[in-house]
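In what follows, a structure is listed as structure tokens, so that the remarks can point back to it.
Bear in mind these aren't lab numbers, they're just calculated from the coordinates by the rules spelled out. Not measured: the values here are computed from a predicted model. Methodologically, a virtual Cβ is constructed for each residue, glycine included, from the backbone with ideal geometry; neighbour enumeration extends over all protein chains shown.
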Amino acid sequence: MPVKSVRAALIPLFTVTALLSACGDSAEPTAQAPKIPQVGVVTISAQDFLLTTELPGRTKAFRVAEVRPQVNGIIQKRLFEEGSEVKAGAQLYQIDASVYEAALKSAEATRLSAGTLADRYEILVKDRAVSQQAYDEARAARLQAEAALERAKIDLRYTRVLAPISGRIGRSAVTEGALVSSGQAQAMATIQQLDPIYVDVTQPSRDLLALRRDLDAGRLQRAGDNAAKVTLQLEDGSEYEHEGRLEFSEVSVDSSTGSVTLRAVFPNPDRILLPGMFVHAQLVAGSRSDAILAPQQGVTRNPRGLAVAMLVTDDNKVEQRIIQTERTVGNRWLVSDGLNVGDRLITEGLHMVQPGMQVEPVPAANVDNAGAANTAEQEG
């Protein structure tokens with residue numbers, strides 16, 4: 001082979017070798033340190049709060065009066081508007097009074113006759129013109145006549161059917177021209193006092209027993225005056241603007257439901273609450289001064305269903321801990337065991353960590369710290 005051809009063939013080979021040598025000198029491997037994951041943490045602290053219990057209930061009228069006739073007769077007038085507010089003592093109906101007016105006149109005449117005879121015998125008995133027995137009978141007849149006169153006045157007064165209480169009157173069950181009788185089973189109308197109004201709620205007896213155990217053991221303290229306060233949530237989810245107070249608790253347990261009835265009374269000036277409405281009442285069960293409330297974002301469940309929290313230790317390593325939760329308190333868990341004051345709970349980046357892993361803790365941004373300051377939350 002000619003020398004020029006050999007040189008031409010070797011030049012590309014030398015060029016590739018030089019390039020590879022140069023690359024090998026500059027491409028020495030460099031070891032990169034593993035990146036430490038960053039997690040958001042919340043420092044656990046103890047706080048005061050009022051423990052409230054949400055119970056279902058129904059509203060009931062403060063007073064209910066069924067209007068019935070006290071005398072027999074024909075209805076002549078209806079003097080109220082259905083669904084309106086009536087005052088105690090206002091006339092509702094007028095029953096035909098002609099018969100009772102005549103009876104009153106007859107009773108007055110009888111009273112006058114008996115009284116005259118008794119007065120005359122009183123003079124004669126002193127002169128022994130009549131016997132003492134005749135005089136006593138005349139006095140008795142006068143008393144009977146006075147009683148009959150009073151009864152006649154009462155019957156005449158009953159022809160004016162009056163409202164026994166103040167409140168809202170419902171529909172009328174009778175109209176003009178209807179015959180009514182004393183003591184009839186059907187009410188002519190019903191009046192209900194709606195301001196204030198009762199709310200009857202039911203609480204399982206087992207919850208009362210658990211509450212009493214917590215109070216006796218010192219885990220809860222009695223809430224003092226706050227225990228008498230009750231708030232309401234209406235059927236549409238809105239909050240009722242007026243606050244009520246607890247009146248009393250039944251002294252026996254309903255054998256069919258195993259629950260105890262509690263009664264609260266609420267002001268109802270705008271007549272928003274009507275009898276029979278379904279509501280939720282929040283009652284203060286007690287207070288706790290050293291409660292630990294953990295954000296729900298930092299609590300998960302393991303395959304066995306136990307509550308698990310991921311914590312950051314003093315040397316910034318992840319520790320998994322099983323905790324005990326009692327109930328939800330707003331957007332937090334009330335923790336009874338497993339967490340201590342000062343623990344750093346991971347609420348952000350849980351999907352990136354494992355127990356024992358080194359992490360970089362930073363303040364969590366996914367927790368509303370304002371909610372932790374609330375001292376009264378509702379039971380979930």
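In this label model, Gln324 and Asp136 are separated by 8.5 nm, measuring between points 7 Å along each Cα→Cβ vector. If you take all other residues with their beta carbon under 12 Å from the beta carbon of Thr190, and give Lys and Arg +1 and Asp and Glu -1, the sum is +2. Peptides 176-187, 317-328 ranked from most to least packed by the mean count of surrounding Cβ atoms within 10 Å: 317-328, 176-187. Using equal-weight Cα scatterers in the Debye expression, the normalised intensity of segment 98-157 in log10 at q = 0.15 Å⁻¹ is -0.47. With a Förster radius of 30 Å applied to the beta-carbon distance between Arg301 and Gln233, the computed FRET efficiency rounds to 0.60. Here each label is just a point 7 Å from Cα along the line to Cβ, and for Gln186 and Asp200 those points are 2.7 nm apart. Once the chain from Thr43 to Leu162 is taken as fully extended at 0.36 nm per residue, the excess over their C-alpha distance is 36.0 nm.
As a length-normalised measure over Cα pairs under 8 Å and 6 or more apart, the relative contact order of segment 222-342 settles at 20 percent. On the beta carbon distance between Leu79 and Ser106, with R0 = 22 Å, the FRET formula returns roughly 0.20.
For segment 98-157, the relative contact order is 52 percent, taking Cα pairs closer than 8 Å that sit 6 or more residues apart in sequence and dividing their mean separation by the residue count.
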